[in-house]
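These notes concern the structure reproduced below.
Readers should treat all values here as calculations from the given coordinates under stated rules, not as data from a laboratory. In this text the structure is predicted, and so the values were computed from the model without any measurement. Here the Cβ positions follow ideal geometry from the backbone for every residue, glycine too, while neighbour counts run over all protein chains shown.
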Amino acid sequence: MVSPSIRIATGPVDQTASSRESHIAVGRNVIAMEADALLELNGLIGDEFAQAVEMILGCKQRVIVSGIGKSGHIARKIAATLAATGTPALFVHAGEAAHGDVGMVSPGDVLIVFSNSGATVEVQPLCIYAKTIGCPLIGVSRNPNSLLMRTADLGLCLPKIEEVCTSSLAPTTSSTMMLALGDALAVATMRARGISGPDIRLLHSGGAIGLQLRGVEDVMHSGERLPLVGLETPMPDVLVTMTEKRLGMAGVVDAAGELVGVITDGDLRRHARNLVFNTAADVMSHAPRTINSGATVQEALELMNTHRITVLFVVDERQPRIPLGVVQIYDIATPPSTAIAP
């Protein structure tokens, strides 16, 4: 018996304008069809969804998420999302479950299984084991009459919408709906737990998210690094301070140590003609922007973008005119792993 051949394109690819227009049309059509599928899925979110959230909230240990094939990839992502939003979760590969990995599931866990058909052979041993040890099972499938959905304590049924691939066989629309449903479960659970910014910060200590959720006190320049000058400081001395501190600016304080102005490169250019004869008071810009020490880096970045500035002074809420430090946009727009120490 001859195996059916798979046609693989090896010749030159048509790159004419008309072919590109066709590619664009197909891409837009795929996104539109998947968007329609998500809208239909949205209309089905109801009591079963709420019960699933309650089951996750009542989990005494971990949420185990499983699947195989494309559903398995989605399951792995949802396990990661649950864990990243405050719900302890673990992905178990359905294909490995029957070879010992079911031992990762224990009483007190909640099992969520993603399967488009609901009849995938590999998920059956895992479901049977879960029922044996009394582990609550949530099934996600397009087939309400499948073995998975009949076995599950709670079934979340996806709309029966065709896949967007040419043959309507490769998981596309179905996996998109699974992803959205999993995200909805994770976020609804997160909201119910009251998980907030500080909690997420603990779970995302690295990368861009970790940087944005850090406090401004963690990234500000303070102490000996803080460039401060008095109102009557001659500008040549101000330039020395700015050069030594290497932040491209200087804060101006009065006799009481309260922040009254800031001198930046722009101020220097505007007063270039008489700079050598001026004092800090002559050159500074008044009422510099400040941010409270308890704010996050994300809040600081939003404030800078709103006012189109690159520097913020950090102050104590109880003493809003006393500068504790300074944050530059360069400190918070660059991930810590690539930041260059001054």
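What the table below lists for this structure:
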read-out: Approximate spin-label separation Ile329-Asp47, in nm, with each point projected 7 Å along Cα-to-Cβ; value: 5.4
read-out: Per residue, the convex hull volume that the Cα atoms of segment 23-195 enclose (Å³); value: 110
read-out: Vicinal HN-Hα couplings computed from phi for segment 30-47 (Karplus, 6.51 cos²θ - 1.76 cosθ + 1.60; Hz; Gly/Pro x); value: 4, 5, 5, 5, 5, 5, 4, 5, 5, 5, 5, 4, 4, x, 9, 5, x, 4
read-out: Cut-off under 5 Å, modelled amide H: who pairs with Ala89 long-range; value: Val63, Ala83
read-out: Residue-averaged [θ]222 nm for the chain, counting only DSSP H segments that reach four residues, each worth -39500 (n - 2.57); value: -12500 deg cm²/dmol
read-out: Difference of contour (0.36 nm per residue) and Cα-Cα distance, Arg273 to Ala255; value: 3.7 nm
read-out: Fewest-first ranking of Ser19, Ser174, using other Cβ atoms within 10 Å as the exposure measure; value: Ser19, Ser174
read-out: Within the chain, longest stretch clear of exposed trypsin sites (Lys or Arg not before Pro) (DSSP loop, no more than 10 other Cβ within 10 Å); value: 61-159
read-out: For a label point 7 Å along the Cα-to-beta-carbon line of Thr132, residues of segment 79-99 with backbone N under 19 Å; value: 92-99
